[in-house]
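K.L.:
Quick one: the structure is below, and I'll ask about it shortly.
The values are calculated or read from the model by the stated rules, or taken from the named source; none is laboratory data. This is a predicted model, so every value here is computed, not measured. Cβ placement follows ideal geometry from the backbone for every residue including glycine, while neighbour counts extend to all protein chains displayed.
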Amino acid sequence: AGLGTDGAIDRSAMDRQWVEVLVDCSGTQGLYTYALPPDLAVRVGDILSVPFGTQQVGAIAVRLLDTRPTELAADQIRSVDAIVSAGFFPASYWALLNQVAQYYHTSLMQVVKVALPPGLLARSQRRIRFLNDEKTPLTAAARHILELLKASKTKDYSWQFVQRQVQGAHRGLQELLKQNLVESYLEPPATMRPKLRQAVTLISTEGQLSERYREILEVLKRQGGEMWMTDLLQLCRTTTPTLRKLEQQGCLILQPREILRAEGLPEVGEEGAKSLTADQAAALQQVQQATGFTQILLHGVTGSGKTEVYLQAIAPILQQGRSALVLVPEIGLTPQLTDRFRARFGDQVCVYHSALSDGERFDTWRQMLSGSPQVAIGTRSAIFAPLPSLGLIILDEEHDSSFKQDQPAPCYHARTVAQWRATLEACPLILGSATPSLESWVTSHQEVAQSQYVSLPKRILNRPMPKIEVVDMRQELRDRNGSIFSRSLQTALHHLKETEQQGLLFIHRRGHSTFVSCRSCGYVMECPNCDVSLSFHHTHENAKPRLRCHYCNHVQNQPPHCPSCGSPYFKQFGSGTQRVMQELERQFPDLTAIRFDSDTTRAKGSHRALLTQFSDRKADLLVGTQMLTKGIDLPQVTLVGVISADGLLNLADFRASERAFQTLVQVAGRAGRGEEPGRVILQTYSPDHPVIGAVQRQQYEPFVAAELKQRQELQYPPYGQLVLFRISGGNAVAVQKAAERVAVELSKSTQYAVLGPAPATILRVAQRYRWQILLKFPSHDGSKVPNLADLRSLCGSTVSLTIDVDPMNLM
Ligand code: ADP
Ligand code: ZN
Ligand code: ZN
């Protein structure tokens with residue numbers, strides 16, 4: 001049975017005598033049963049205060065029970081103390097969280113922690129407040145607590161303080177709670193407490209009032225009869241005591257009002273709906289005709305106007321009094337998108353992501369819970385936004401790998417969770433992309449009513465797709481151009497300055513994971529057993545560099561010369577933004593460039609600041625990494641230069657081609673979105689690589705067809721399913737031995753193939769050695785993994801084992 005999908009209007013709740021709760025206490029897992037006092041109408045999703053050991057802790061009501069669990073005697077069961085916060089979760093939510101916990105093999109509490117604002121449970125303080133004086137004789141401890149509370153100025157103490165002061169505090173408290181003499185409540189940490197601000201409301205302008213008083217009331221009246229006190233004080237140059245006097249006269253009321261903390265976003269102008277193109281209108285119609293759960297893949301080329309379709313699909317949902325959820329890869333990268341939503345829907349837009357402060361997150365969370373119709377925009381974890389009545393879910397750039405959480409558990413994919421959530425809410429799910437993931441492509445072409453495919457094959461106003469020119473960097477070298485800029489790109493950069501246009505330079509940079517290739521012939525070292533390139537490893541300064549396969553653990557030395565042509569220019573590959581900035585300065589001193597990567601965008605709001613600088617034409621070029629590919633709309637950009645596509649083409653992952661294609665098409669798609677046509681210069685040492693050809697032709701379907709054929713042959717997703725085990729610990733030998741034992745155990749089943757054990761790309765991270773084992777199921781059977789507890793017992797106490805279902809990052 002699902003976990004308490006009843007809840008909201010459960011009339012029988014009053015008859016239930018027991019409740020199962022999740023306890024927020026480190027080291028505890030699973031559910032605990034408590035008795036319900038007859039007068040406590042607990043509902044599923046309430047936050048409760050319960051005794052646990054010698055403590056009193058926060059807990060979440062998960063399921064109400066009619067009968068007492070047989071394994072527990074009545075006197076073994078303790079009672080719930082109090083409801084701390086009622087209705088903290090929408091009803092259908094529990095089914096969702098439970099599904100996530102089951103599918104990803106994690107505890108429900110771990111899932112709850114992703115879903116809740118951080119620290120809400122763990123950092124909240126249990127407090128005791130005086131309510132009534134004693135009517136009946138009390139035990140010594142109870143009386144002591146009561147006296148203590150009564151003597152306090154606020155008639156209220158933290159439970160910790162009471163415990164320190166009173167012997168036998170726990171029993172005493174039980175007694176007081178039972179008699180309703182005190183209440184126990186959970187106070188969120190200071191950063192999460194509601195923020196209050198004094199407001200002034202006009203009541204009357206009548207009465208014998210001095211000229212000065214009359215003036216103040218006139219000002220208040222002109223401002224609509226209601227103002228923040230600070231504003232009124234400033235406007236009238238008056239003081240708080242004056243306002244208090246007016247309050248005593250019955251002319252106005254001063255009262256604190258809760259204000260919602262939200263990220264201070266700049267004002268945006270209002271914007272009406274655009275008149276749709278025929279393609280957009282057809283797409284919108286298909287969304288609006290969907291009844292119940294329907295997954296719609298909106299496949300629109302870059303600049304085809306997908307966002308406008310989202311906006312117009314959301315508008316009627318809000319009018320019906322329901323809410324919409326929009327997920328984007330990285331909120332910092334898309335201030336433009338949130339601005340567009342705010343221009344259309346104003347205050348109904350709320351933004352929820354990890355860069356918010358705890359207070360902002362908590363307030364946004366409660367605002368979402370209020371049930372008023374709104375559009376929540378957020379990153380991965382916003383899929384758990386507690387919107388009670390969802391009418392639509394949208395995943396923009398659905399192919400983006402940031403929707404998958406690699407660690408810590410639960411290693412969920414927001415797209416998978418979105419599918420479950422949309423099913424539970426019986427609402428449509430739009431997956432938008434110019435380069436859909438193969439998973440979504442395959443699903444949307446199934447012959448079932450719940451999956452649909454819609455395409456926007458052309459850019460808005462028939463603007464042309466950018467022209468893509470592939471430059472063979474081997475030829476540049478032969479022609480004695482040693483610069484990181486090809487001659488073609490150099491000419492284009494000179495031209496940029498003359499025509500006062502703007503450009504982007506894209507660099508692919510991926511930490512330590514690099515492949516080895518020949519600068520002369522483009523040859524790339526590959527694994528003899530697997531269809532992936534070998535990775536370059538340099539574990540520490542004095543060690544010999546080695547090449548390694550991450551699928552089968554084949555290891556070899558790096559040859560000094562190219563095995564194909566004998567060239568000595570045979571090295572690992574990598575070129576960062578910094579180096580490109582230096583080269584620009586040296587070769588093009590006239591051009592100004594803004595660096596846009598994880599180093600320069602660390603501060604809050606810096607994405608927005610840099611993009612604004614660029615839009616204001618304070619620079620000719622934007623130089624950056626992956627971030628440039630994610631949905632940025634800069635209509636004035638006409639030139640896109642890809643410094644080198646090679647780092648992308650040769651990642652040691654079966655998704656390497658798919659990712660390379662997606663990234664290159666997305667980055668090319670930044671060119672020519674405005675009135676001027678765009679041009680892309682794509683530099684590579686492997687111009688014959690199939691991905692390069694596919695990108696140049698900008699044809700998604702033939703590329704995908706070929707790629708899917710391979711996946712099917714090798715039983716990789718979306719046909720087969722993968723489950724990854726990560727094994728790690730501080731001792732290299734212990735970790736390797738544990739990984740070997742686990743692999744032997746896993747090999748006893750014939751339901752899947754076992755690949756590995758093999759060390760992770762970066763073997764040691766934060767003093768931990770990491771190994772992995774990959775299971776390959778011929779179909780979607782990933783739930784059939786051996787019991788995790790059994791596998792963990794094979795690892796011993798110093799080695800940990802985690803599981804990643806449907807892993808996206810195999811390195
Ligand atoms: P996508 O998300 O598909 O890459 P966008 O939604 O960003 O594309 O649209 C590209 C540009 O076209 C934006 O500047 C947008 O304002 C504009 N646009 C979208 N739809 C229309 C329309 N129906 N009429 C005119 N301009 C439009
Ligand atoms: Zn060579
Ligand atoms: Zn291999």
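K.L.:
For the range 379-394, what are the residues that are within 23 Å of residue 319 (Cβ to Cβ) and touching a residue at least 60 places away in the same chain (Cβ under 8 Å)?
P.N.:
385, 386, 387, 388, 389, 390, 391, 392, 393, 394
K.L.:
A further question on this structure: Would you say residue 370 is out of contact with any strand residue (DSSP E or B) (no Cβ under 9 Å at 6 or more places or on another chain) and free of Cβ contacts under 8 Å to residues at least 12 places away in the same chain?
P.N.:
yes
K.L.:
Could you grab me the full set of residues in the range 729-750 that are in a helix (DSSP H, G or I) and in contact with a strand residue (DSSP E or B) (Cβ under 7 Å, 6 or more places away or on another chain)?
P.N.:
Once the filter is applied, which keeps residues that are in a helix (DSSP H, G or I) and in contact with a strand residue (DSSP E or B) (Cβ under 7 Å, 6 or more places away or on another chain), the range 729-750 yields 732, 734, 735, 736, 738, 739, 740, 742, 743, 746.
K.L.:
Mind telling me which of the residues 785, 735 ends up being surrounded by 14 or more Cβ atoms within 10 Å (Cβ to Cβ), farther than 24 Å from residue 412 by Cα and in contact (Cβ under 8 Å) with a residue 60 or more places away in the chain?
P.N.:
The conditions single out 735.
K.L.:
Counting only residues that are crowded, with 16+ Cβ neighbours inside 10 Å, of a type outside the set (D, E, K, R) and over 27 Å from the mean Cα position of the chain (by Cα), give me the helices (runs of 4 or more DSSP H) lying completely in the range 432-517 with at least 1 of them.
P.N.:
473-478, 487-499
K.L.:
So which residues in the range 689-703 are closer than 19 Å to residue 474 by Cα and touching a residue at least 12 places away in the same chain (Cβ under 8 Å), if there are any at all?
P.N.:
689, 690, 691, 692, 696
K.L.:
Provide a single number: the residues in the range 335-365 that are among the hydroxyl-bearing types (Ser, Thr, Tyr) and at pLDDT 80 or above.
P.N.:
Of the residues in the range 335-365, 3 are among the hydroxyl-bearing types (Ser, Thr, Tyr) and at pLDDT 80 or above.
K.L.:
Keeping to the range 713-772, report how many residues are touching a Ser or Thr at 6+ places or on another chain (Cβ under 7 Å), modelled with pLDDT under 90 and of a type in the set (A, V, I, L, M).
P.N.:
So the count comes out to 1.
K.L.:
From the set of residues in the range 520-539 that are crowded, with 18+ Cβ neighbours inside 10 Å, under 21 Å from residue 477 (Cβ atoms) and at pLDDT 75 or above, which is farthest from ligand 2 (Cβ to nearest atom)?
P.N.:
Taking the candidates together, the pick is 533.
K.L.:
Determine, yes or no, whether residue 97 is modelled with pLDDT of 85 or more, in contact with a strand residue (DSSP E or B) (Cβ under 7 Å, 6 or more places away or on another chain) and assigned to a helix (DSSP H, G or I).
P.N.:
It is false that residue 97 is modelled with pLDDT of 85 or more, in contact with a strand residue (DSSP E or B) (Cβ under 7 Å, 6 or more places away or on another chain) and assigned to a helix (DSSP H, G or I).
K.L.:
Restricted to the range 344-379, and to residues that are more than 17 Å from the chain's Cα centre (by Cα) and polar (S, T, N, Q), which residue is surrounded by the most Cβ atoms within 10 Å (Cβ to Cβ)?
P.N.:
In this case the residue turns out to be 374.
K.L.:
Among the residues in the range 621-642, are any more than 14 Å from ligand 1 (Cβ to nearest atom), assigned to a loop (DSSP other than H, G, I, E, B) and hydrophobic (A, V, I, L, M, F, W, C)?
P.N.:
no
K.L.:
What residue, among those in the range 788-811 that are of a type outside the set (A, V, I, L, M) and within 27 Å of residue 439 (Cβ to Cβ), is surrounded by the fewest Cβ atoms within 10 Å (Cβ to Cβ)?
P.N.:
By that ranking, first place goes to 809.
K.L.:
What are the residue pairs meeting all of these: first residue in the range 747-773, first residue closer than 19 Å to residue 555 by Cβ and of a type in the set (S, T, N, Q), second residue at pLDDT below 90 and part of a loop (DSSP other than H, G, I, E, B), Cβ atoms under 6 Å, and 6 or more apart or on different chains?
P.N.:
761/513; 761/550; 761/811
K.L.:
Any chance the range 401-412 includes a residue that's acidic (Asp, Glu), closer than 20 Å to residue 663 by Cβ and surrounded by fewer than 17 Cβ atoms within 10 Å (Cβ to Cβ)?
P.N.:
Within the range 401-412 (the criterion being acidic (Asp, Glu), closer than 20 Å to residue 663 by Cβ and surrounded by fewer than 17 Cβ atoms within 10 Å (Cβ to Cβ)), the answer is yes, since at least one residue qualifies.
K.L.:
Can you find, within the range 277-336, the residue that is nearest to the chain's Cα centre (by Cα) among those that are charged (D, E, K, R) and closer than 23 Å to residue 465 by Cβ?
P.N.:
Only one residue tops the list, namely 306.
K.L.:
Is the range 404-412 home to any residue that is in contact with a Gly (Cβ under 6 Å, 6 or more places away or on another chain) and not in a strand (DSSP E or B)?
P.N.:
So far as the range 404-412 goes, no, none of its residues is in contact with a Gly (Cβ under 6 Å, 6 or more places away or on another chain) and not in a strand (DSSP E or B).
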